[in-house]
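The values are calculated or read from the model by the stated rules, or taken from the named source; none is laboratory data. As the structure is a computational prediction, the values presented were derived from the model and not from experiment. When we count neighbours, we look across all protein chains shown, and the Cβ atoms used for this are built from the backbone with ideal geometry, even at glycine. Areas reflect the complete protein model, heavy atoms only, side chains present, ligands, DNA and RNA absent. Shrake-Rupley method; radii C 1.70, N 1.55, O 1.52, S 1.80 Å.
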Amino acid sequence: HMKPEDIAVWERFMLKNPKVYDTVDYDVAVGDGAPQSEDLPENIRADGKILTQKKIDVVAYVGEIVHVIEVGPVADMRKLGQILTYLTLYISEHPEATMIIPTIVCGRVERELSKMFENYGIVIEVA
């Protein structure tokens, strides 16, 4: 779920790049979520699962290419861990997606981390 400071970064990026993606999905749920009691009705269990799943800020599409995107003011070690987790979960849930690009849209990159993002093949978009 994007916070106001994340939304500001995303909006700056989209203003600079209005046609970069064909379509986008926000708050894309991935992972199993927390276990739900079997005593609850199915609709309540389904809601509980969705509420406790991890959420990818943005999943964007350009043709067959999928961009798994984490957004925030600073691309830091926390963002590195998040994008790697979201990428792994997305790949496991979408084996049909053959071209997936992990991306961080940010205001700036924390010192000493540019090479780390590059090593993992993570695209950094500074807005």
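Within the stretch 27-40, how many residues turn out to be in contact (Cβ under 8 Å) with a residue 24 or more places away in the chain and either in contact with a helix residue (DSSP H, G or I) (Cβ under 9 Å, 6 or more places away or on another chain) or of a type in the set (A, V, I, L, M, F, W, C) (or both)?
Residues flagged as in contact (Cβ under 8 Å) with a residue 24 or more places away in the chain and either in contact with a helix residue (DSSP H, G or I) (Cβ under 9 Å, 6 or more places away or on another chain) or of a type in the set (A, V, I, L, M, F, W, C) (or both) within the stretch 27-40 amount to 4.
So that you can scan it fast, the table gives a plain yes or no per residue for (1) closer than 18 Å to residue 1 by Cα; (2) not in a helix (DSSP H, G or I):
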{"residue": "11", "(1), (2)": "yes, no"}
{"residue": "21", "(1), (2)": "no, yes"}
{"residue": "27", "(1), (2)": "yes, yes"}
{"residue": "32", "(1), (2)": "yes, yes"}
{"residue": "36", "(1), (2)": "no, yes"}
{"residue": "84", "(1), (2)": "yes, no"}
{"residue": "87", "(1), (2)": "yes, no"}
{"residue": "107", "(1), (2)": "yes, yes"}
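Look through the stretch 65-87, keep the residues that are of a type in the set (D, E, K, R) and either open to solvent by less than 20 Å² (accessible area, probe 1.4 Å) or modelled with pLDDT under 95 (or both), and return whichever of them is farthest from the chain's Cα centre (by Cα).
Here the answer is 79.
List every residue pair whose Cβ atoms lie under 9 Å apart, where the two residues are 6 or more positions apart in sequence or sit on different chains, the first residue falls within the stretch 105-126 and is more than 17 Å from residue 66 (Cβ to Cβ), and the second residue, located anywhere, is open to solvent by less than 30 Å² (accessible area, probe 1.4 Å) and polar (S, T, N, Q).
124/103
Checking the structure you have, find out if any residue of the stretch 41-59 is open to solvent by less than 80 Å² (accessible area, probe 1.4 Å), touching a strand residue (DSSP E or B) at 6+ places or on another chain (Cβ under 9 Å), assigned to a helix (DSSP H, G or I) and touching a residue at least 24 places away in the same chain (Cβ under 8 Å).
no
So, in the stretch 88-113, of the ones that are among the small types (Gly, Ala, Ser) and surrounded by 13 or more Cβ atoms within 10 Å (Cβ to Cβ), which residue ends up farthest from residue 60 (Cα to Cα)?
Among residues in the stretch 88-113 that are among the small types (Gly, Ala, Ser) and surrounded by 13 or more Cβ atoms within 10 Å (Cβ to Cβ), the one farthest from residue 60 (Cα to Cα) is 107.
Which one of the conditions (1) on the phi < 0 side of the Ramachandran plot; (2) touching a strand residue (DSSP E or B) at 6+ places or on another chain (Cβ under 9 Å) does residue 121 fail to meet, given that it meets all the rest?
(1)
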